[in-house]
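J.: Quick one: structure below, then a few questions.
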Amino acid sequence: MFSKILIANRGEIACRVIRTAKRMGIKTVAVYSDADARAPHVRMADESVRIGPAPAAESYLKAELIIDACKATGAEAVHPGYGFLSERESFAKALKKANIAFIGPPPKAIAAMGDKIESKKLAKAAGVSVVPGYLGEIADTDEAVKIAGEIGYPVMMKASAGGGGKGMRLAYNEKDVREGFEATKREGLASFGDDRVFFEKFIEDPRHIEIQVLGDQHGTILYLGERECSIQRRHQKVVEEAPSPFVTPEMRKAMGEQAVALAAAVGYYSAGTVELIVGADRSFYFLEMNTRLQVEHPVTEEVTGLDLVEQMIRVAAGEKLSFTQADVKLDGWAVETRVYAEDPYRGFLPSTGRLVVYKPHLPHAGGDRGEGLSSNSDMPSPSPSRKAGGGQETRIRVDDGVIEGGQVSIFYDPMIAKLITWAPTREAAIDAQVEALDSFQIDGVSDNIDFLSALMQHPRFRAGELTTGFIAEEYPDGFHGAPASDELVADLAAIAALVAATHETRAALIDGQLGGPIYPDGDYVVRVSGDEFAVAVEPYDGGLLVSVDGEEEIDLIADYAPGQKLLVADLDGRKRIVQVARDGRGWRLTTRGAAHKVEVMAPHIADLTRHMIEKIPPDLSRFLLAPMPGLLTRLEVKPGDKVEAGQPIAVVEAMKMENILRAVKPATVKATPAKAGDSLAVDQVIVEFE
């Protein structure tokens, strides 16, 4: 076994690998760019080495710097994590030449599966079902249009070396091909150094299901069940679960055996994932093979009890797998949601900045969090058990690589953490997600927690009726918060009265008007997101008796103090977890996937406010504003130009993805304050219309 390994990555996956290595008694070396000098993975490792400036191309993507770090520290092996150099054949070869073990598959397997055109040819030869399409090189846009027509719309245009949702565009007609083909080539070149593009028939109402494989260097290859990854936005996974609610045991066996056959055909060992597109008729087709650890690997770990990172290390050290296919059992259900620094209320725009508050939901029992740095948990028992609201045992795990006060940088992926829940049933695992998301506290950057909670509560998701078009179909006009039931809104009115009463009590104590910490009697008018309630509050031993709109009094028990962000309340046995924040003269109560603006007033004050003039926000419709921080790569108009609705106006590159900004209505360009090449801030004016 290795005595010291280097992790050629950053963030949560670096923390994840370090934790397993420590449990195995292996010393670890972290590498870092200037942007990550104080990052958690650097502090968790036994040693660390600076490898360059913040841009990945000058640090984490420099293979020679990683090898130099290995030589300087005596690291015997490298775990690449995912992304960066993890699927570079040249990196694996360079390590081998330097007599450093690569904790991953052999270089020839990386090469075979890394080229999506060649991998499909190999898959077909191995007897694996392949999506109809065109695997040859496409010379130009005219040829692309011809090929797309022959395959039949819709078609998916994909960069040959792409991954992670980059370099992919869906075309429903010739216009889409002409507009997107060159952009796909550019994204492939910018992100992967390869501008080749291939076309596939787009399977309508598809599911994205993947098979986890694991092999050793002695010829054994196993499949460890499937993961359902159909909930995606812009081809990037948002929610993953294991097993899939759609897959039958017979289907699992067929998919698993085909995945193993493909892995065997390229001499595969280590952990890998065979991704499949699955039709409503349960037909399945090979998409690609990821020759690395997947972001969503924790859900497989939770249902199999295996530590995939440990298995990868043991395989790289030459050990045989200690179990057989018959030993692989799936226990319970696991769900993973990806917590991103992005604003779902503004089209999921990326957000950067300092994590002023970062408190993940983590009922951690025993063991530490890497000196408070990461909640990556030990495997194979990755998280403590507890009872969910329905009485079922659940486990909660948070894989992260950030700390409170840390920076979400513009240079890397905006993922903050992964929240993983396990329970004996799918419904209980989803319920555990909702409760944990209610408790997840982030301030300083925007986050997608409300959206994730809304997904977990969505009736279609809970029924398992999933396709890769789920988000686009269910949120065609964008995300505006999860709908709240009448019961929840009434409960929030009661909780708002508690918050107001608590603040009034503190004010009275400060003024010396009260002799002890008691709640005052009170009648309030409470407005919750436009709904108005008459709320009566009466203190009693241990809590409040609250009546909403004259209904029967309920017991409201909560441990809340002014300034406290998280409030856990019991309302006649109903548990509510609410995040409380000041919002002007009122409060913002966030729970169950939505933020609710709340005002609490005495009845006579409420009467007076009805006569207040409403402030009208300024009209910004004559401006094209930058929706996100990024680089203005192209400006398609000049002053005096007339534009039509839907016409491309500008292209902004953010996170290495091109975003086309279009006119929403006919207009004439008055001015273009921004120029191509400018770095844009959020809401910066790009174009002004007359």
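Bear in mind that the values in this text are calculations on the coordinates, not laboratory data. Keep in mind it's a predicted model, so treat the numbers as computed, not measured. Because the Cβ atoms are built from the backbone with ideal geometry, glycine has one as well, and the counts that use them run over all protein chains shown.
J.: What is the angle, in °, between the Cα long axis of helix 486-510 and the longest principal axis of the Cα atoms in the chain? Nearest 10 is fine, range 0 to 90.
T.: So the helix axis and the longest Cα principal axis differ by about 60 degrees.
J.: About its Cα centre, how strong a charge dipole does the chain have in debye, to the nearest 20, once Lys and Arg get +1 and Asp and Glu get -1 at the Cβ?
T.: Numbers: 78 positive and 102 negative charges, 548 e Å.
So the dipole magnitude of the chain works out to roughly 2640 debye.
J.: Give, in nm to one decimal, the length gained when the segment between residue 566 and residue 135 is fully stretched (0.36 nm per residue of separation minus the Cα-Cα distance). Write down the numbers at each step before the final one.
T.: Details: separation 431, 0.36 × 431 = 155.16 nm, distance 5.34 nm.
Full-extension gain reported as 149.8 nm.
J.: Between residue 322 and residue 683, how many nm apart are label points set 7 Å from Cα along the C-beta direction?
T.: It works out to 5.7 nm between the two label points.
J.: Within the set 116/320; 158/185; 418/565; 158/237, which residue pairs have Cα atoms separated by over 20 Å? Before the final figure, lay out each step's value.
T.: On the way: 116/320 30 Å; 158/185 9 Å; 418/565 22 Å; 158/237 16 Å.
Beyond 20 Å: 116/320; 418/565.
J.: For segment 35-46, what does the Karplus curve 6.51 cos²θ - 1.76 cosθ + 1.60, with θ = phi - 60°, yield as ³J(HN,Hα) per residue in whole Hz, taken in order and with x for Gly and Pro?
T.: 5, 10, 4, 10, 6, x, 5, 5, 6, 6, 6, 6
J.: Over the chain, what is the percentage of antiparallel beta bridges among all DSSP beta bridges, to the nearest 5? Before the final figure, lay out each step's value.
T.: Numbers: 123 of 138 bridges.
About 90 percent, rounded to the nearest 5.
J.: Given the peptides 669-681, 302-314, 35-47, 524-536, arrange them by the average over their residues of other C-beta atoms within 10 Å, most packed first. The partial results should precede the final answer.
T.: Working: 669-681: 14.5, 302-314: 22.1, 35-47: 20.3, 524-536: 18.5.
In descending order of packing, they fall as 302-314, 35-47, 524-536, 669-681.
J.: Give me the net charge for the shell around residue 563: Cβ to Cβ below 12 angstrom, other residues only, Lys and Arg +1, Asp and Glu -1. Working shown, then result.
T.: Working: positive: 506, 565, 582; negative: none.
Once all neighbours under 12 Å are counted, the net charge is +3.
J.: Could you tell me whether segment 486-609 comes out rounded, prolate or oblate from its Cα gyration tensor? Rule is a ≥ b ≥ c as square roots of the eigenvalues, rounded for a/c under 1.5, then prolate if a/b exceeds b/c, otherwise oblate.
T.: Details: a/c = 1.27, a/b = 1.17, b/c = 1.08.
Verdict is rounded for segment 486-609.
J.: Right, another one. Within segment 623-689, how many Lys pairs sit with Cα atoms under 25 Å apart, leaving out pairs fewer than 8 places apart on the same chain? Could you put the intermediate results ahead of the total?
T.: Values: 638/665; 638/670; 638/675; 642/665; 642/670; 642/675; 656/675; 665/675.
Lysine pair count for segment 623-689: 8.
J.: Still on this structure, please answer the following. Per residue of the chain, what 222 nm ellipticity follows from adding -39500 (n - 2.57) for every DSSP H run with n ≥ 4, rounded to the nearest 500?
T.: Working: 17 runs with 184 residues, N = 690.
Computed mean residue ellipticity for the chain: -8000 deg cm²/dmol.
J.: Still on this model: For helix 426-439, report the angle its Cα long axis makes with the longest principal axis of the Cα atoms of the chain; keep it between 0 and 90° and round to the nearest 10°.
T.: For 426-439 against the chain, the angle is about 60 degrees.
J.: To the nearest 0.05, what FRET efficiency results for residue 486 and residue 234 with a Förster distance of 41 Å applied to their C-beta separation? Present the calculation step by step, with values, prior to reporting the outcome.
T.: Working: r = 35 Å, r/R0 = 0.84.
My answer for the efficiency is 0.75.
J.: State whether segment 234-305 is rounded, prolate or oblate according to the following rule on the C-alpha gyration tensor (a ≥ b ≥ c being the square roots of its eigenvalues): a/c under 1.5 gives rounded; otherwise a/b larger than b/c gives prolate, and the remaining case gives oblate. Don't jump to the answer; show the numbers that get you there.
T.: Details: a/c = 1.31, a/b = 1.06, b/c = 1.24.
The shape class here is rounded.
J.: First measure r as the distance between the Cβ atoms of residue 146 and residue 264, then evaluate 1/(1 + (r/R0)^6) with R0 = 30 Å and state the FRET efficiency to the nearest 0.05.
T.: Values: r = 37 Å, r/R0 = 1.24.
The value I calculate is 0.20.
J.: Would you kindly derive the ³J(HN,Hα) couplings of segment 534-542 from the backbone phi angles with the Karplus curve 6.51 cos²θ - 1.76 cosθ + 1.60 (θ = phi - 60°), listing them in order in whole Hz, with x for Gly and Pro?
T.: Residue by residue, segment 534-542 yields 8, 10, 10, 10, 9, x, 8, 4, x Hz.
J.: Then there's this: If one takes the longest principal axis of the Cα atoms in the chain, at what angle in degrees, from 0 to 90 and to the nearest 10, does the Cα axis of helix 116-125 lie?
T.: 60 degrees
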